[in-house]
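Each value in this text was obtained by applying a stated rule to the coordinates, not by laboratory testing. Because the structure is predicted, anything quoted here is derived from the model rather than measured. All Cβ positions, glycine included, derive from the backbone under ideal geometry; neighbour counts span all protein chains shown.
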């Protein structure tokens, strides 16, 4: 089943260009010209978090490019719980490069930028070495830019702004990067896993797998490649099962949301299936929260981090998230002010859509999911106590552990 990660084990390091060619052969000569239509037909969605259809994104750039576009392969991966982008770059760099080259040919770009997180040293080294292996074919059209540390630095307009002006802050829109991006040219900003998947579609594969990062109460955390029709139970089993009974899962990372384990355990992780229940696959993070762990405390830690990552360019983000963070910390410490729970419930709705970028939207979306999934816990913390401890009898976490 593994396609993106098929081949040498991840512990073997970066696959060489020779080994890559031996497994996949050369890129199909006519692939780029027809690839946009094939991507649209494959229903491949972006793996960076937003879930936008890849083919539609490429076509939007191609329609504006007139041979002067830029491809920006986004490997910033500032999401604290995600490891999959740095893994695919470090282990399968040539598959990422294949996808970027195909994208450049398809949209009409003569400049390819690989935007790699500064902290992902193995990934950056692998990408630089792989580009050197292919220097004769690429003819100077590709380069690596080190993305600065920071959660918002990977947002597409922030990446463009950094390359243009050295400032990794999101910019107000419109125009979006596909209209005017790097150097004022139409720019395709595409996540590196999405590009690797596009390279497989070009070779006749389908878009039926995705990379995920597992963490929390599983026996073997790390990066896995899964079929998108796999259930959460099957994914947990692939990681050796649950280490302890589980009450909830953080789906999609810090800009994702908490989901009660009963709502997801036996359901497929296909994006369409998740959307039908109001959830999102996001960047492929699945972090399992044990039954005896406190969701109020876990959410407070996340909100504190997201508040610290504000770009500090608008009041809703700087002051709004700061106020939410302070209230969440008081609630977590069981020293809440009388109206803290009411305040964060109200603020969680009021901040959405009011920021200069989408950072407040993502943060408050996570908060609203926590207020729903951990409603009883928040009510208890408002009263100065925590109800977490031994798993409650009959909770699905215990059943999940037995099944796994």
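Between residue 266 and residue 345, what is 0.36 nm times their sequence separation minus the Cα-Cα distance? Round to one decimal in nm.
Numbers: separation 79, 0.36 × 79 = 28.44 nm, distance 2.99 nm.
Additional length available on full extension: 25.5 nm.
How do 120, 43 line up, fewest other C-beta atoms within 10 Å first?
Sorted ascending by nearby Cβ count, the order is 43, 120.
Where does each of 105-112, 85-92 land if you order them by average Cβ count within 10 Å, highest first?
Numbers: 105-112: 21.8, 85-92: 26.1.
Sorting 105-112, 85-92 by mean packing, highest first, produces 85-92, 105-112.
Starting from a Cα-only point model with no solvent, please compute log10 I(q)/I(0) by Debye for segment 10-202 at q = 0.09, 0.16 1/Å.
The Debye formula, applied to the Cα set alone, gives -0.28, -0.95.
Just to confirm the number: angle between the C-alpha axis of helix 295-308 and the first principal axis of the chain, 0 to 90 degrees, nearest 10?
The helix 295-308 is inclined about 50 degrees to the chain.
How much length is gained if the chain between residue 164 and residue 379 is pulled fully straight, taking 0.36 nm per residue apart and subtracting their Cα-Cα distance, in nm to one decimal?
That pair, residue 164 and residue 379, stretches by 72.7 nm at full extension.
Run through the DSSP bridge list for the chain and note the antiparallel percent, rounded to the nearest 5.
Restricted to the chain, the bridges split so that about 45 percent are antiparallel.
Using only the alpha carbons of segment 209-290, what is the convex hull's orientation-averaged projected area in square nanometres?
Result: 4.3 nm².
With 16 Å as the cut-off, how large is the P(r) tail for segment 13-62, expressed as percent of Cα-Cα pairs?
Tail of the P(r) past 16 Å holds 56 percent of the pairs.
Taking the chain as a Gaussian network, Cα atoms linked when under 10 Å apart, which of 117, 349, 252 shows the biggest mean-square fluctuation?
Greatest mean-square fluctuation among the candidates belongs to 349.
Do you know the relative contact order of the chain, to the nearest whole percent, from alpha carbon pairs under 8 angstrom that are 6+ apart? Mind dumping the intermediate values first?
Numbers: 835 pairs, mean separation 64.7, N = 404.
Value for the chain: 16 percent.
Mind ranking 44-54, 232-242 by how tightly packed they are, going by the mean number of other C-beta atoms within 10 angstrom, highest first?
For the peptides 44-54, 232-242, the packing ranking is 44-54, 232-242.
If you take the C-alpha gyration tensor of the chain, multiply each eigenvalue by 5 and take the square root, what semi-axes do you get, largest first, in whole Å?
37, 25, 17
If you consider only alpha-carbon coordinates, what radius of gyration and Dmax does segment 125-258 have, in Å?
Cα radius of gyration and Dmax of segment 125-258 are 18.8, 54 Å respectively.
Report the residue, chosen from 194, 16, 310, that carries the largest GNM mean-square fluctuation when the chain is represented by alpha-carbon nodes joined by springs under 10 Å.
The residue that fluctuates most here is 16.
For the chain, set up a GNM with springs between Cα atoms under 10 Å and report which of 17, 378, 151 has the largest fluctuation.
Top of the fluctuation ranking is 17.
After finding the eigenvalues of the alpha carbon gyration tensor for segment 295-382, what semi-axes result from the square roots of 5 times each, listed largest first in whole Å?
21, 12, 11
Quick one: helix 54-65 against the long Cα principal axis of the chain, what's the angle to the nearest 10°, folded into 0 to 90?
50
Could you tell me the convex hull volume per residue, in Å³, taken over the Cα atoms of segment 239-394?
117
On a full-extension model of 0.36 nm per residue, what is the gain between residue 23 and residue 135, subtracting their alpha-carbon distance, rounded to one decimal in nm?
38.3 nm
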